Amino acid sequence: MTQPEIALALVGFGNVSRRFIRLLDEVGDRLDFTWRLVAIGSRHHGSVVNPDGIDAARAAAIVEGSQSLDRLDPSPRERSGIDLVRQVTDLLADEAADGRLVVVEATTLDIERGEPATAHIRASLEGLAHVITANKGPVAFNFRSLDSLADSVDRLFFFEGAVMDGVPIFNLVRETMPAITIEGFRGVINTTCHYMLSELEQGTAFDVALAEMQARGIAEAEPSHDIDGWDAAAKTAALVNVLMAGHITPHDVARMGIRELPVSEVTDAVRRGRRIRLVASASRRSGRLVARVEPELLDSDDPLAALGPTENALYLHTDLLGDVGIVQRSSSLTQTAYALLSDLSYISRRLQELT
């Protein structure tokens, strides 16, 4: 069987996108498809569109050297993300019609409305491109409408990297749990806060622990999304919307971060054989869906209390299988990039099934 060639357009060219294209090269001999990079849009480094293909390694080097991608463009011009998507879906209309055009939406999280990522995804689907994303915003704010649009145009909208990097949470349920109802979940899903709480237990100052997460590239330079609980709230909303047929946004999640948590409470919990962790959870109570993110005082036998400093875990409460848990032992750019790769591989399999 001939391997399909997939045309890739990247909206957002930060650390995750650059690791993704390098990962595609590193594991190329394991893939059942080939790929051609046809567009890149970057908020700070310009854009390039070339249907004949872009040198991905050179593009990454240009951005990492703080130069403009415009130098790679046969017809350079200023483009917004929407401009880039519409130009690409027009220039590659044949590939789009055949299902061989994929837009990778990898812009940063907007916690207010999930924009402009949602608009990028909507325009891509309307242009008959499949879409994959690691941005939790569109799923947290607009999953139902985007999923319906994808279904109406017979295209795929995947987002495995939105929660717990490359750990297959959404794929696990979609592909291996037929006829299962997810009744709720509970987990530790923000690496920055989890690591910081582990450090606070050892007497490390709050600012020092945060600086370490920033130095590792896990926490942002402006870290309020993490320490104020917004990142976990967005992930919680995404999980609720996809796994529990909810219709909420991060603003509907009862939220308390760790910024105001007294260090003395963290160390005192350890002295009493317990631990404080930032826990995300959702359940249905008397028919009402309740979602929250908050520091919880955990008993020593709670599985979330046993997690190491860089580990995350999510336990799904199901009607037929009881509690099903998945643990992520570490977090890195490679794991998030792998989520994009796994979604792309699924699209390739679908293309081959249809030919």
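Residues to consider are ASP52, ASP94; find the one that is part of a loop (DSSP other than H, G, I, E, B) and of a type in the set (Asp, Glu).
Details: ASP94 fails: part of a loop (DSSP other than H, G, I, E, B).
Being part of a loop (DSSP other than H, G, I, E, B) and of a type in the set (Asp, Glu) holds for just one of ASP52, ASP94, which is ASP52.
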Exactly one of (1) in contact (Cβ under 8 Å) with a residue 60 or more places away in the chain; (2) of a type in the set (Ser, Thr, Tyr); (3) within 29 Å of GLY322 (Cβ to Cβ) is unmet by THR249. Its number? (3)
What do you reckon, is ILE182 modelled with pLDDT of 95 or more, crowded, with 16+ Cβ neighbours inside 10 Å and of a type in the set (Val, Ile, Thr)? yes
With the structure loaded, tell me whether VAL85 is in a strand (DSSP E or B), within 22 Å of ARG350 (Cβ to Cβ) and over 11 Å from the mean Cα position of the chain (by Cα) or whether it fails that test. no
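Condition check: over 29 Å from ASP32 (Cα atoms), in a helix (DSSP H, G or I) and of a type in the set (A, V, I, L, M, F, W, C). Does ILE121 satisfy that? Spell out the reasoning first.
Working: over 29 Å from ASP32 (Cα atoms): no; in a helix (DSSP H, G or I): yes; of a type in the set (A, V, I, L, M, F, W, C): yes.
When the stated conditions are applied, ILE121 does not pass them.
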Please indicate, with yes or no, whether at least one residue in the stretch 144-159 is crowded, with 24+ Cβ neighbours inside 10 Å and outside the structural domain of GLU112 (by TED's automatic domain parsing). no
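Could you list, in sequence order, the residues of the stretch 97-109 that are touching a His at 6+ places or on another chain (Cβ under 8 Å) and either closer than 15 Å to SER42 by Cα or in a helix (DSSP H, G or I) (or both)? Even if it seems obvious, please write down each step before you answer.
To start, the set of residues in the stretch 97-109 that are touching a His at 6+ places or on another chain (Cβ under 8 Å) comprises 99, 101-103, 105, 107, 109.
If the condition is that a residue be touching a His at 6+ places or on another chain (Cβ under 8 Å) and either closer than 15 Å to SER42 by Cα or in a helix (DSSP H, G or I) (or both), then VAL103, GLU105, THR107, LEU109 are the ones that fit.
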Among residues belonging to the stretch 222-253 that are within 24 Å of MET196 (Cα to Cα) and out of contact with any helix residue (DSSP H, G or I) (no Cβ under 9 Å at 6 or more places or on another chain), point out the one that is surrounded by the most Cβ atoms within 10 Å (Cβ to Cβ). ASP228
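Among the residues of the stretch 141-159, is any under 22 Å from ASP323 (Cα atoms), under 17 Å from the mean Cα position of the chain (by Cα), at pLDDT 95 or above and not hydrophobic (A, V, I, L, M, F, W, C)?
We begin by selecting, within the stretch 141-159, every residue under 22 Å from ASP323 (Cα atoms); these are none.
No, every residue in the stretch 141-159 fails to be under 22 Å from ASP323 (Cα atoms), under 17 Å from the mean Cα position of the chain (by Cα), at pLDDT 95 or above and not hydrophobic (A, V, I, L, M, F, W, C).
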Which ones in the stretch 160-195 are in contact with a Ser or Thr (Cβ under 8 Å, 6 or more places away or on another chain) and farther than 18 Å from ASN241 by Cβ? ASP165, GLY166, THR191, HIS194, TYR195
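Tell me yes or no: at least one residue of the stretch 172-187 is within 13 Å of the chain's Cα centre (by Cα) and touching a residue at least 24 places away in the same chain (Cβ under 8 Å).
Step one: filter the stretch 172-187 for residues within 13 Å of the chain's Cα centre (by Cα), giving none.
Checked against the condition, which is being within 13 Å of the chain's Cα centre (by Cα) and touching a residue at least 24 places away in the same chain (Cβ under 8 Å), the stretch 172-187 yields no hits at all.
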From the options ASP94, ASP165, ASP83, residue that is buried (at least 22 other Cβ atoms within 10 Å of the Cβ) and out of contact with any His (no Cβ under 7 Å at 6 or more places or on another chain): ASP165
Considering every residue within the stretch 201-220, establish whether at least one is in a helix (DSSP H, G or I) and either in contact with a His (Cβ under 8 Å, 6 or more places away or on another chain) or closer than 24 Å to PRO168 by Cβ (or both). no
In the stretch 38-80, how many are under 16 Å from ALA9 (Cβ atoms), hydroxyl-bearing (Ser, Thr, Tyr) and surrounded by 16 or more Cβ atoms within 10 Å (Cβ to Cβ)? 2
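Given the condition assigned to a loop (DSSP other than H, G, I, E, B), touching a residue at least 40 places away in the same chain (Cβ under 8 Å) and in contact with a strand residue (DSSP E or B) (Cβ under 8 Å, 6 or more places away or on another chain), answer yes or no: does some residue in the stretch 315-330 qualify? Let's see the steps before the verdict.
Step one: filter the stretch 315-330 for residues assigned to a loop (DSSP other than H, G, I, E, B), giving 319-321, 329-330.
Those still in the list that are touching a residue at least 40 places away in the same chain (Cβ under 8 Å) too: 319-321.
Remaining after also requiring in contact with a strand residue (DSSP E or B) (Cβ under 8 Å, 6 or more places away or on another chain): 319.
Looking through the stretch 315-330, at least one residue is assigned to a loop (DSSP other than H, G, I, E, B), touching a residue at least 40 places away in the same chain (Cβ under 8 Å) and in contact with a strand residue (DSSP E or B) (Cβ under 8 Å, 6 or more places away or on another chain).
The values are calculated or read from the model by the stated rules, or taken from the named source; none is laboratory data. Bear in mind that the values here come from a model prediction, so they are computed numbers and not experimental data. FYI the Cβ positions are ideal-geometry reconstructions off the backbone, even for glycines, and counts take in every protein chain you see.
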